[in-house]
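Trainee: This is the structure, below, for whatever I ask next.
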Amino acid sequence: MKNLKKTSLLKITGALFILYLGIHYWPNISGFLGAVFSALTPLILGAMIAYSLNILMSFYERHYFINSKNEAVQKTRRPICLLLAMISLLAVLTLVILLIVPQIVSCIRLLLAEIPAAIDQLILQLESQNFFSEELLDQIAALDWQTGIERFIKTLSSGIGNVMDVAFSVVSTITSGVTTAFLAIVFSIYLLTGKDRLCAQSQRLMKRYLQEGIRSKINYVLSVMDECFHHYIVGQCTEAVILGTLCTVGMLILRLPYAPMIGATVAFTALLPVVGAYLGGAVGVFLICMESPIQAIVFLVFLVILQQVEGNLIYPRVVGSSIGLPGIWVLAAVTVGGGVGGIFGMLLGVPIAAAIYRLIREDIRNYELEQTAKDTP
């Protein structure tokens with residue numbers, strides 16, 4: 001009994017000492033963790049890309065001469081299906097860009113064309129209200145423009161060094177981003193081509209260094225996480241396509257402008273749960289308002305109705321039932337995830353919350369079944 005108390009006291013003391021070290025040296029620890037995370041960023045992004053591509057690749061593998069025993073077919077199944085998955089993803093991104101970019105360019109041209117007339121109208125309004133008084137005009141005329149221009153040129157020349165620093169920083173940031181993206185894509189390809197071997201190696205490692213009970217729990221948690229993420233990605237993409245298609249068709253029926261572009265924007269932003277479609281709708285309202293404020297109001301009413309239909313009929317059946325997470329927890333996961341990690345937090349919050357919810361629910365259910373079995377004579 002005394003040995004047990006001593007062991008517990010030592011554990012508590014060690015935990016408190018480690019907690020003290022963590023608090024006292026937290027700046028150094030956080031800096032070290034930040035450096036490690038920065039170094040691992042290409043690998044993390046590569047793993048995320050690989051997981052997303054694996055859904056498409058697995059789909060193609062299930063339909064690529066599945067019953068064929070030909071050795072050439074079996075050897076080419078993985079690389080060809082991976083290539084088809086990458087082509088499919090690039091085709092979708094290209095289609096979205098082709099639908100959105102030309103319309104945005106035309107909107108910018110329309111806005112620039114309207115600016116001079118708006119400025120002239122503003123000047124006329126100001127003149128009619130006697131905004132430009134004679135005293136103000138006299139003060140403007142009395143300004144020493146030559147001295148002001150010389151000061152501006154001097155300030156501009158002295159700031160060239162800062163401009164060069166900013167330019168160098170921008171170039172280095174772009175180069176770093178391109179390098180990170182390239183390494184992430186290469187790493188994702190390596191992961192997908194050798195995923196069977198990597199899974200077998202990880203199972204061998206766990207079998208060697210972990211007990212069977214711990215190993216089975218880890219495999220179960222990973223399987224639940226994989227199922228929740230898979231269903232969430234497929235369901236969210238399906239829901240985005242349905243919402244974007246309905247938005248485009250409805251805008252064409254109502255004869256609203258920029259229907260393909262706004263539909264694609266709503267579909268793309270709908271990948272963000274709960275709030276994504278509203279962001280796309282805000283862009284649509286702004287663009288249509290430049291054409292006609294009345295049509296912008298019509299689109300806003302149409303989008304609100306569409307969102308009600310989507311939130312009550314489409315989303316619960318396409319996404320909600322697939323991940324098994326109640327609506328209140330979806331909203332909580334989006335809110336907390338967005339506050340912690342921004343857009344990536346919003347994307348990852350729902351499937352992580354769904355996995356935690358399922359694990360806790362099944363653990364409580366098993367506990368209740370065990371208690372019922374004990375109480376039953």
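Trainee: In Å³ and rounded to a whole number, note down the convex hull volume per residue for the Cα atoms of region 211-368.
Mentor: Per-residue hull volume (Cα only) is 110 Å³.
Trainee: I'd like the distance separating the alpha-carbon centroids of region 265-297 and region 217-264, in whole Å.
Mentor: 16 Å
Trainee: Which whole-number percent is the relative contact order of region 211-368 (Cα, under 8 Å, 6+ apart)?
Mentor: Rounded, it is 25 percent for region 211-368.
Trainee: So, one more: Just to check, using Stokes-Einstein with a Kirkwood Rh over alpha carbon pairs, what's the diffusion coefficient of region 230-277 at 20 °C and 1.002 mPa s in µm²/s?
Mentor: Answer, rounded: 201 µm²/s.
Trainee: Right, next: Give me Glu239, Glu310 ranked fewest to most by other Cβ atoms within 10 Å of their Cβ, as a rough exposure proxy.
Mentor: Glu310, Glu239
Trainee: Additional query: Distance check, please: which entries in Lys11/Lys195; Lys11/Lys207; Lys11/Lys217; Lys69/Lys217; Lys195/Lys217 exceed 30 angstrom between their Cα atoms?
Mentor: Table pairs above 30 Å Cα-Cα are Lys11/Lys195; Lys69/Lys217.
Trainee: Next question, about the same structure. Assuming 0.36 nm per residue, please report the length gained on full extension of the stretch Leu369 to Lys195 beyond their Cα-Cα distance.
Mentor: Extra length from Leu369 to Lys195 when fully extended: 58.9 nm.
Trainee: On full extension of the chain, what length is gained from Phe65 through Ser106, given 0.36 nm per residue of separation minus the C-alpha to C-alpha distance?
Mentor: Using 0.36 nm per residue and subtracting the Cα-Cα distance, I get 10.2 nm.
Trainee: Can you put Val298, Val304 in order of Cβ neighbours within 10 angstrom, beginning with the fewest?
Mentor: If I rank by nearby Cβ atoms, fewest first, I get Val304, Val298.
Trainee: Return Ile356, Ile49 ranked ascending by Cβ neighbour count within 10 Å, so the fewest neighbours appear first.
Mentor: Going from least to most buried by this count: Ile356, Ile49.
Trainee: Determine, from the Cβ-Cβ distance of Leu313 and Val275 and an R0 of 30 Å, the FRET efficiency 1/(1 + (r/R0)^6), rounded to the nearest 0.05.
Mentor: FRET efficiency, Leu313 to Val275: 0.95.
Trainee: Next question. Each residue of region 283-294 in turn: what ³J(HN,Hα) in whole Hz from Karplus with 6.51, -1.76, 1.60 and θ = phi - 60°, glycine and Pro shown as x?
Mentor: In residue order, the calculated couplings are 4, x, 4, 5, 5, 5, 4, 5, 7, 7, x, 5 Hz.
Trainee: For region 190-196, in order, what is each residue's ³J(HN,Hα) by Karplus, 6.51 cos²θ - 1.76 cosθ + 1.60 with θ = phi - 60°, in whole Hz (x at glycine and Pro)?
Mentor: After applying 6.51 cos²θ - 1.76 cosθ + 1.60, I find 4, 5, 6, 5, x, 5, 5 Hz.
Trainee: Tell me, what HN-Hα J-couplings in whole Hz come from the Karplus equation 6.51 cos²θ - 1.76 cosθ + 1.60 at θ = phi - 60° for each residue of region 25-40, using x for Gly and Pro?
Mentor: 9, 4, x, 5, 5, 5, x, 5, 5, x, 5, 5, 5, 4, 5, 8
Here, each number is a calculation from the coordinates, and none is a lab measurement. The shown structure was predicted, so the numbers you read here are calculated from the model rather than taken from an experiment. Glycine gets a Cβ as well: all are built from the backbone with ideal geometry, and neighbour counts include every protein chain shown.
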